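Trainee: Pasting a structure below so you can have a look.
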Amino acid sequence: MMISGKTKVYGILANPVEHSLSPAMHNFWSKQTNKDMVYVPLKVEPGQVKEAVKGAWAMNLGGMNVTVPYKQQVMEHLSQIDEDALAIGAVNTLVPAETGYKGYNTDAKGLLRAIKEKNIEIQGKRWVLLGAGGAAKAAGYILMKEGAKQLFILNRSVEKGEALAKELKQIFGKGEVKAMALSQWRELPEDRYSCIQSTSVGMFPDKDHSPIEDSEFFKRIDKAIDIIYTPAETKFMRLVKEAGGAAYNGLDMLIYQGVIAYELWHPDIKLTMEQVKGAKALLTSMLEGKL
Ligand code: ATR
């Protein structure tokens, strides 16, 4: 599509931003859905987040994504924040509202769509969450919101795991959330669990590691999603599969957070499965080219 005086500008606010897959994904959908828009990388220096958001508003940007390290910081500069984003404490999508941008968290909802698409049940099930950082919080929030029966947060630092467990319990009343050290996995009640892997262990180039490596642990894991998507199959995923479970990487979560953002910017659009799959094929080929 030709860029003209009518073209709307969107972008991703991050630092670094060079490796982001979001420009390719959103520009792909803009062509597919005939939207006169362009989506560009917006590298912002630390300390310039306020100026970036106010400047984007002043220049009429149609919307933005926000990623590492600004998902928390950006929240101070918005006119409204969606309830889920406020509870999670992180915003990754900005949508124009009356007097400024409204912040959403489409990571959590993107993960939810990826889980549902794989027919993994949440309600009434016992879940294990590996990690207690920013990604874990979005995952733990959506699992509890969707009615997980029990959530076991296993983290290297028990204090951080306990802090996340406490926060989730505060949000969801007396939901059953327990924190333990990664090394304490033997204390999990005997069962087959669904699991989200949200630590950075196993991410390229650290591809020969998994946060837990003992094959006995993996006998307890039925279904798992690793939030990592480089490499396409992490060691964690391999260990789940070797023990007879099903494992998926984080690419669908990435794509669905993009789908939800794109549909927030364009309420008249509902991306088709074909368009979602087209983006997945594009990103997969880009990732293969990079590794
Ligand atoms: P993100 O926003 O991507 O979740 P983060 O908030 O920095 O990133 O969280 C990183 C997660 O990976 C944490 O759970 C961290 O464990 P700690 O809380 O103990 O730091 C986990 N992590 C990182 N490196 C790890 C390692 N070598 N072994 C185990 N866990 C690790």
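The values are calculated or read from the model by the stated rules, or taken from the named source; none is laboratory data. All values derive from a computational prediction rather than experimental measurement. Cβ coordinates were reconstructed from backbone atoms using ideal geometry, including for glycine residues, and neighbour counts include every protein chain displayed. Ligands, DNA and RNA are excluded from the accessible area calculation, which covers all protein heavy atoms including side chains. Shrake-Rupley method; radii C 1.70, N 1.55, O 1.52, S 1.80 Å.
Trainee: Kindly check whether there is at least one residue in the range 71-79 that is free of Cβ contacts under 8 Å to residues at least 24 places away in the same chain and over 27 Å from residue 142 (Cα atoms).
Mentor: No, the range 71-79 has no match at all.
Trainee: Which condition does residue 156 not pass, out of (1) farther than 20 Å from residue 81 by Cβ; (2) away from the ligand (no atom under 13 Å from the Cβ); (3) open to solvent by 20 Å² or more (accessible area, probe 1.4 Å), if it passes all the others?
Mentor: The one condition residue 156 does not meet is (2).
Trainee: Collect the residues in the range 201-219 that are open to solvent by 30 Å² or more (accessible area, probe 1.4 Å) and either without any contact (Cβ under 8 Å) to a residue 60 or more places away in the chain or of a type in the set (Val, Ile, Thr) (or both), keeping them in residue-number order.
Mentor: Across the range 201-219, the qualifying residues are 201, 203, 205, 206, 207, 208, 209, 213, 214, 215, 216, 219.
Trainee: When the range 88-118 is examined, which residues are found to be in a strand (DSSP E or B) and among the β-branched types (Val, Ile, Thr)?
Mentor: 93, 95
Trainee: Still on this structure, please answer the following. Can residue 150 be described as more than 16 Å from the ligand (Cβ to nearest atom), without any contact (Cβ under 8 Å) to a residue 24 or more places away in the chain and not assigned by TED's automatic domain parsing to the domain that holds residue 70?
Mentor: No.
Trainee: Restricting the range 174-216 to residues that are away from the ligand (no atom under 12 Å from the Cβ) and part of a helix (DSSP H, G or I), which is nearest to the chain's Cα centre (by Cα)?
Mentor: Checked the range 174-216; the qualifying residue nearest to the chain's Cα centre (by Cα) is 185.
Trainee: Also, quick follow-up: Quick one: count up the residues across the range 164-173 that are in a helix (DSSP H, G or I) and open to solvent by 50 Å² or more (accessible area, probe 1.4 Å).
Mentor: Within the range 164-173, residues that are in a helix (DSSP H, G or I) and open to solvent by 50 Å² or more (accessible area, probe 1.4 Å) number 5.
Trainee: Scan the range 238-248 and give yes if some residue there is closer than 22 Å to residue 278 by Cβ, open to solvent by 10 Å² or more (accessible area, probe 1.4 Å) and away from the ligand (no atom under 13 Å from the Cβ), otherwise no.
Mentor: The answer is yes, given that some residue of the range 238-248 is closer than 22 Å to residue 278 by Cβ, open to solvent by 10 Å² or more (accessible area, probe 1.4 Å) and away from the ligand (no atom under 13 Å from the Cβ).
Trainee: Now, a different point. Can you name the condition, by its number, that residue 272 falls short on among (1) more than 20 Å from residue 208 (Cβ to Cβ); (2) in contact with a strand residue (DSSP E or B) (Cβ under 8 Å, 6 or more places away or on another chain)?
Mentor: (2)
Trainee: Also, quick follow-up: Taking residue 188, is it in contact with a Pro (Cβ under 6 Å, 6 or more places away or on another chain) and crowded, with 17+ Cβ neighbours inside 10 Å?
Mentor: So residue 188 does not fit the description; no.
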